1. List the lysines whose Cα sits under 16 Å from the Cα of residue 88, skipping any in the same chain fewer than 8 residues away.
2. Amide H neighbours of residue 250 under 5 Å, counting only residues 5+ apart in sequence or on other chains, H built in-plane at 1.01 Å?
3. Treat the count of other C-beta atoms within 10 Å as a stand-in for reagent exposure and order 224, 199 from fewest to most.
4. What do you get when you divide the Cα radius of gyration of the chain by 2.2 N^0.38 Å, with N the number of residues?
5. May I have the convex hull volume per residue, in Å³, for the Cα set of segment 183-223?
6. Given the options 220, 56, 35, identify the residue whose Cα lies farthest towards the positive end of the charge dipole of the chain (+1 on Cβ of Lys, Arg; -1 on Cβ of Asp, Glu).
7. Counting each pair of different Cα atoms once, what's the Kirkwood radius of segment 1-128 in Å, rounded to one decimal?
8. Quick check for me: using +1 on Lys/Arg Cβ and -1 on Asp/Glu Cβ, what's the dipole size of the chain about its Cα centre, in debye to the nearest 20?
Amino acid sequence: MEGLIKLDLLDLVLALGMMGLAIGLSAWQQLGMEWTLAIATGRTLLQLLVVGYILAFIFALDNPWAVLAILLIMVSIAAIVARNRISKKIPRVLPLVWGSIFISTALTLSYTTLLIIQPNSWYEPQYLIPIGGIILGNSMNGAAIAGERLVSTINASHLEIETHLSLGATPQQAVNKYRTEAIKAGLIPTINAMMVVGIVTLPGIITGQLLSGIEPLDAASYQILVMFMLTFANLITTLLVTQGLCRQFFNSATQLKQIS
């Protein structure tokens, strides 16, 4: 089977032509998206080229501390993005989200690399960074969806929660229904993807491996691993985030606080 067909500068320029056509179509149809498409195109070029150079350096360096530093930076960025979607008014929400994403990523990466893939060295960047990035992106989305749903639902259900508290329910019992709904919401995108993977869609992992010349069954095996890995990480993240957020809504006297 042939190996990967590399893309040179001319190929990238031709690919850029598709975005030029998209901008032209937007102008022709008066969609008003020309500037947005142009910014998105510029950011895509800049961000991915910078990432490519950084990863090339990290791969060549082959140092565990450099790999861990990259992963910690990625965790921090993911936590900030998720925090911004949940709420900036909740006390200590950033450390909560950061810790939840870090724990889920560390557990999933450890299980995957040490028990399943078993590379020559545990910090091998070829595996650790791409797998870590996939986990982080999914965990970030799960934390944001579940956290945002929980905060908005609790803020809209104060009377019902306070009624449960007045009848002797603990804070955990009073908000358990809302927490469960938030966790389910955070898992819906991942579960939906699992339901149609290989039938309706070919995800990025399997597509990239097929393009690089890997045998289809090997690519499918890696995609199976990725789907199970993402579900596990997402569940841990949403469990931790929602548990921490629920505690933020009650004071030391177990009274419900208004956070909007």
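1. 257
2. Result for residue 250 returns 257.
3. Numbers: 224 15, 199 7.
Going from sparsest to densest Cβ surroundings: 199, 224.
4. On the way: Rg = 21.8 Å, N = 260, 2.2 N^0.38 = 18.2 Å.
Normalised Rg, Cα atoms only: 1.20.
5. 67
6. After comparing all options, I get 35.
7. Details: mean 1/r = 0.0545 Å⁻¹.
One decimal place: 18.4 Å for the Kirkwood radius.
8. On the way: 13 positive and 12 negative charges, 239 e Å.
Magnitude of the dipole: close to 1140 debye.
Values quoted throughout were computed directly from the atomic coordinates according to the rules given, and no laboratory measurement underlies them. Just so we're clear, the structure is a prediction, and the values are computed from it rather than from any experiment. So basically every Cβ, Gly included, is an ideal-geometry build from the backbone, and we count neighbours across all protein chains shown.
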